[in-house]
Amino acid sequence: MDTKRPRWLVPVIISAAVIIIAALLVMIFIGNGAETVLSGTHIYSEPVPLCGAKVEAQDGYVQVAESDTYILYYNEPRFSIRLENKKTGAVLDSTVSDEKDDGKNNASWTSYMKSGIVINAIIGTLNTYQVDMNSVPNEITTWYIDNGIYAQISFKGEYQFELGVEIRLEGNDLIVRIPEESVKENKEGTYISTVSVFPFLGYTYLDEQNGYMLVPDGNGALIYLDNKEGRYATGFSGLIYGVDDGMTNRTTVSTLWEYLETVTPSNKVIAPVFGMAHLDDGIAYLGIVESGDERCSIEVVPNGVMVDYNRCFAKFLLRDVYVQPLNKSNSGTVPTVEKDRQHSDLTVRYCLLSEDEADYSGMANAYRSYLLESGRLEKSDVSYNTRIDFLGTDREEFLMGTTAVTMTTAEQAEDILAELRELGAGSMLSVYKGWQKGGLYNVPVKSMSADSNIGGNAGLKSFVSKQAELGNTVYLYNDALSVNADTHSTTYNVMKMVNKRTFENETHGQVYDTFYYLMPGRSGINLTSLAKDLSSDGIGNIALSGITDTLFSYSSKGSYYSRTDTMDIYEDAVSAAGESCSIIAETPNAFLWKYSDAMLDMPLSSSDYLYLDREIPFLSMVFKGVIPTYSEYVNFEANKKENFLQMVESGVYPSFYITAEDSSKLIYTNSSDLYSLEYASYRDTIVEYDKALRDVAQKVGTAQIIRHEILENGLVKVTYDNGVTVYVNYSGSAQSDGDMTVEALSYTVKAVSDLG
């Protein structure tokens with residue numbers, strides 16, 4: 001009998017064996033926790049366990065990803081990363097190594113510094129518990145994904161938290177994302193309050209490194225990486241898009257004579273950015289909070305504040321504790337935890353910069369490119385205009401009611417602009433405030449209804465159309481946020497805080513003391529209605545305020561609405577209004593930038609925190625050549641010479657607030673703090689500013705700032721991408737840079753035609 005096996009049997013047996021082995025391997029991987037990982041739009045159904053790393057561990061780190069310029073290393077026990085520049089060898093670490101631990105810190109801070117993720121937890125109503133990779137038992141499983149890793153972290157014991165973190169290298173960017181669906185709180189009464197991912201990324205010890213951290217205060221500021229010698233008790237901590245008025249009661253305002261505020265409020269954080277630069281090593285990053293920004297704070301902390309390390313990071317707020325009154329008199333309160341947490345992905349994009357780009361100029365260039373490429377900012381006409389705003393009418397008390405105080409009629413505004421034109425001023429942009437029936441504080445405005453004291457609808461439309469023919473643009477001012485209880489019903493459609501109390505905005509005004517916020521939906525309806533009405537009347541321009549720089553949580557009919565809900569409603573409303581009108585926005589938050597044709601009231605200075613070492617025009621560097629920005633009012637600047645030089649340096653256009661009548665007429669109105677408005681006092685200054693700054697703008701053209709340098713002795717150098725260079729000397733004596741000499745408190749523009 002023939003005992004030979006058929007020829008076809010051997011390959012069949014081999015194939016079957018391969019299938020069986022593959023199946024066993026899949027079962028092993030699944031048994032090791034390789035279940036399907038959902039991550040936004042990506043699904044990793046067959047992840048490769050990290051234990052398969054081909055690169056040997058060094059200092060506990062293994063290589064997990066690589067781009068053309070950077071290598072990403074990962075330490076799983078600490079959940080820590082290391083970034084290495086392939087060309088220079090410069091390194092950014094995300095946790096303090098044992099070698100760099102100075103041994104001065106308590107156990108809590110030591111655990112914090114050596115953990116790549118730190119959670120503040122709420123137990124009951126106490127928001128004081130720290131959860132990190134070192135002090136709390138945890139399990140972490142990590143998989144490879146496309147050019148990165150995905151880590152699933154489970155905290156055990158009394159916390160029972162879970163979350164996933166996706167880390168990817170994308171060219172010169174590092175993207176860190178916590179998918180919303182990965183966050184779980186598995187123990188009743190124990191909640192996640194805040195999450196900080198890589199809070200020590202790029203840290204330095206005392207003054208070991210020459211460099212600085214970028215602070216998003218005002219136009220921008222720096223904290224140097226020098227030894228602060230323990231001088232400061234705190235660093236910068238700013239909630240992106242300002243405080244949440246739906247969660248926090250306003251603090252008591254210091255006033256003089258009960259209506260003049262004596263303390264200038266600090267700047268709001270309108271840009272979700274921060275940065276770290278190591279100048280000696282030629283490596284830096286710009287951190288951009290891409291999602292979760294509506295409930296996230298930027299933390300920039302110099303050495304000496306708790307520990308001797310410089311660090312900056314984003315801290316996401318998922319849930320908070322608020323004060324709940326027990327009765328209408330507020331005589332009793334209890335701390336209460338939010339019923340639901342924040343629901344959004346938490347994402348930070350780190351733009352990695354090296355060598356000549358590893359400074360704040362490189363950060364500004366990277367941010368501009370990011371905004372344009374992602375569609376978060378759109379190019380507008382950047383032609384120069386001097387901004388001349390007018391106050392139409394306000395109100396003062398009279399007998400049993402109020403009477404109009406008319407400061408500038410439409411005809412007077414027309415005459416003022418005509419005279420400025422005769423004196424040599426060029427094109428102008430004007431915002432007309434207090435144009436509506438009932439005056440500046442008769443809000444909200446829902447339709448085109450001009451006050452008869454300024455000329456009514458006919459006079460206003462004539463003014464706007466004539467200016468358009470002359471090349472000037474007039475915008476009508478609209479506060480879409482506020483409602484005046486003395487002029488409008490507040491029974492419905494006013495914002496209630498999370499604790500169900502109606503929010504009150506006390507202005508300490510002479511006539512109208514308290515205003516309320518409109519419900520976001522109502523703000524949107526009013527704005528859209530006004531835009532359509534103005535457009536139909538041939539006035540397609542709105543200068544928008546209120547909702548542009550305010551974001552809050554609120555409650556309505558027993559339901560809770562987050563800042564995310566408010567942000568979405570505002571964005572939809574401004575987008576819809578922009579279909580009917582041109583919108584320019586007053587200090588807008590970043591999510592509204594792409595809808596604005598210009599930005600108003602751009603701060604040129606910081607909030608003057610003691611720990612800030614240097615002010616820089618960071619946002620102006622980002623916006624110049626992309627969208628026109630206008631300064632805060634020159635009228636109220638104490639040092640007008642310095643303010644003028646700052647406009648030359650930053651490329652910001654000047655703004656004036658003008659009335660035809662003397663400011664003394666406002667003494668008994670809500671505008672009583674506007675002490676210097678009369679046109680006659682500013683006519684010559686306006687013409688002077690227009691001539692000088694228009695000349696600078698014409699030489700610069702539509703170019704963008706690509707480099708800003710702080711030279712010695714108060715001299716600053718600004719370089720544009722068309723080759724134009726602007727020197728500004730803030731010192732009291734002449735200063736030189738090479739063959740360029742700039743006189744004291746002056747500036748020089750080196751145009752392209754002047755270049756060798």
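No lab work stands behind these numbers, since they all come straight from the coordinates. Quick caveat, the model's predicted, so the values are computed rather than measured. So basically every Cβ, Gly included, is an ideal-geometry build from the backbone, and we count neighbours across all protein chains shown.
Among residues other than Val483 whose Cβ falls under 15 Å from its Cβ, what is the net charge (Lys/Arg +1, Asp/Glu -1)? Net local charge, Val483 excluded: -3. Highest average first, the peptides 582-593, 693-704, 369-380, 607-618 ordered by how many other beta carbon atoms sit within 10 Å of their residues are 582-593, 607-618, 693-704, 369-380. Shown in residue order for the range 93-101 are the 3J(HN,Hα) couplings computed by the Karplus curve 6.51 cos²θ - 1.76 cosθ + 1.60 at θ = phi - 60°: 9, 9, 9, 6, 6, 4, 5, 9, 6 Hz (x for Gly and Pro).
Taking the Cα centre of the chain as reference, the dipole from Cβ charges on Lys and Arg (+1) and Asp and Glu (-1) amounts to some 1900 debye. For the chain, just say rounded, prolate or oblate: build the C-alpha gyration tensor, square-root its eigenvalues into a ≥ b ≥ c, call rounded for a/c under 1.5, and beyond that prolate if a/b exceeds b/c, oblate if not. It comes out prolate by the Cα gyration axes.
Distance between the modelled labels on Leu745 and Arg376, one decimal in nanometres: 4.0 nm (7 Å Cα→Cβ projection). Taken along the Cα-to-beta-carbon direction at a fixed 7 Å, the label points for Met400 and Ala680 span 3.9 nm. Computed on the range 404-518, with alpha-carbon pairs under 8 angstrom and 6+ residues apart, the relative contact order is 25 percent.
Magnitude of the charge dipole for the range 386-754, about its Cα centre and with charges confined to Cβ atoms of Lys, Arg (+1) and Asp, Glu (-1), is about 960 debye. Highest-first packing order for the peptide set 323-331, 150-158, 212-220 is 212-220, 150-158, 323-331, based on the mean count of other beta carbon atoms within 10 Å. A dipole drawn for the range 471-524 from +1 and -1 charges on Cβ atoms has a positive end, and of Ala485, Thr502, Thr473 the residue lying farthest that way is Thr502. Helix screen, the chain: DSSP H segments with Cα axial length of 27 Å or more and mean Kyte-Doolittle hydropathy at least 0.0 are 9-31. Across the chain, Cα pairs under 8 Å and at least six residues apart give a relative contact order of 10 percent. Remark: the range 58-376 carries a charge dipole of roughly 880 debye about the Cα centre, counting +1 on each Lys and Arg Cβ and -1 on each Asp and Glu Cβ. If R0 is 22 Å, the Cβ-Cβ spacing of Met306 and Glu99 corresponds to a FRET efficiency of close to 0.60. Distance between the modelled labels on Ala107 and Lys187, one decimal in nanometres: 1.7 nm (7 Å Cα→Cβ projection).
Taking a point 7 Å from the Cα of Asp673 along the Cα-to-Cβ direction, the residues of the range 497-525 with backbone N closer than 14 Å to it are 505-515. Applying a DSSP loop filter and a limit of 13 other Cβ atoms within 10 Å to the GluC sites (Glu not before Pro) in the range 646-727 leaves Glu712. Of all lysines in the structure, the ones whose alpha carbon falls short of 27 Å from that of Lys156, not counting any fewer than 8 places away in one chain, are Lys114, Lys184, Lys187, Lys315, Lys339. Scalar couplings 3J(HN,Hα) for the range 286-297, obtained by applying the Karplus form with A = 6.51, B = -1.76, C = 1.60 to θ = phi - 60°, are 10, x, 10, 7, 7, 9, x, 5, 5, 9, 8, 10 Hz; x denotes Gly and Pro.
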